[in-house]
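Colleague: Let me give you the structure first, and then I'll get to my questions.
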Amino acid sequence: MKRAEAWFPTLIYCERLQAQGLRAFNAELLDECYRIREHDAAGRKWSEPNYPLGYTSYGSLDRLHQFSSTFDTLRRQVDAHVRRYSNALQWNLRGGRLLMTDCWINIMPRGCAHSFHIHPQAVLSGTYYVRTPRGSSGLKFEDPRLSKLMAAPPRKPGAKSQQPHIVYPAKAGQLILFESWLRHEVPASRIDSERVSISFNYHWL
């Protein structure tokens, strides 16, 4: 056996949603996101205490893929990436399937943040970036072992896979998938332009 081997890896999936047509597709998604925000009075009200300064449809319209053909097109695209990701995780689904159960909008202006959290009961979660102006906050992940390191010395700067946190930049057209138990956050936005993303959960059924 080797002297040191890597075990218990945490895999994060990051890929472009599709090879072509992203600009037109994102323009359609963006238009629909803004129209939904305009008409979603309940969501705007829910966002005031739960998503300060920003807007999310999480508390009002969280199954957009079931009500919008545009969002269902996104769901079909994401499904293909979810299959690849589950293969990389070497999951045995035992005849079941991974199904998108929740899908919601996040619009973040200056000062809006989403602190560290997980997605209970889901198995896979992810984010798709629709609009990411220069300087948009990325998606920050936390080492799941962090609370157990206790008196361990800090890692060297070059130890990329051993750092306590890793940030994936926000890029329009980019899809990020991760296991739902992995703690993550979006730091406060420092730009005036709005960052628009769509988040979702998958369950094993």
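Colleague: Does the range 59-75 hold any residues that are out of contact with any helix residue (DSSP H, G or I) (no Cβ under 7 Å at 6 or more places or on another chain) and under 18 Å from residue 123 (Cα atoms), and which are they?
Modeller: 62, 63, listed by residue number.
Colleague: Name the residue that is nearest to residue 195 (Cα to Cα), counting only residues in the range 73-113 that are among the β-branched types (Val, Ile, Thr) and within 16 Å of the chain's Cα centre (by Cα).
Modeller: 107
Colleague: For the range 21-40, which residues satisfy the criterion of being hydrophobic (A, V, I, L, M, F, W, C) and within 11 Å of residue 61 (Cα to Cα)?
Modeller: Once the filter is applied, which keeps residues that are hydrophobic (A, V, I, L, M, F, W, C) and within 11 Å of residue 61 (Cα to Cα), the range 21-40 yields only 36.
Colleague: Something else: Which condition does residue 55 not pass, out of (1) aromatic (Phe, Trp, Tyr); (2) under 20 Å from residue 121 (Cβ atoms); (3) in contact with a Pro (Cβ under 9 Å, 6 or more places away or on another chain), if it passes all the others?
Modeller: Residue 55 satisfies all of (1) aromatic (Phe, Trp, Tyr); (2) under 20 Å from residue 121 (Cβ atoms); (3) in contact with a Pro (Cβ under 9 Å, 6 or more places away or on another chain) except (2).
Colleague: Something else: Only residues that are of a type in the set (Val, Ile, Thr) and in contact with a Phe, Trp or Tyr (Cβ under 8 Å, 6 or more places away or on another chain): list them for the range 137-193, please.
Modeller: Listed by number, the residues that qualify are 166, 167, 176.
Colleague: Which one is surrounded by the most Cβ atoms within 10 Å (Cβ to Cβ) among residues in the range 6-63 that are touching a strand residue (DSSP E or B) at 6+ places or on another chain (Cβ under 6 Å) and in a loop (DSSP other than H, G, I, E, B)?
Modeller: 57
Colleague: Condition test on residue 28, is it in contact with a helix residue (DSSP H, G or I) (Cβ under 7 Å, 6 or more places away or on another chain) and charged (D, E, K, R)?
Modeller: Here the answer is yes, as residue 28 does meet what is asked.
Colleague: Does at least one position in the range 134-151 carry a residue that is touching a Cys at 6+ places or on another chain (Cβ under 7 Å) and aromatic (Phe, Trp, Tyr)?
Modeller: no
Here, each number is a calculation from the coordinates, and none is a lab measurement. Just so we're clear, the structure is a prediction, and the values are computed from it rather than from any experiment. Virtual Cβ from ideal backbone geometry, glycine too; neighbours counted across all protein chains shown.
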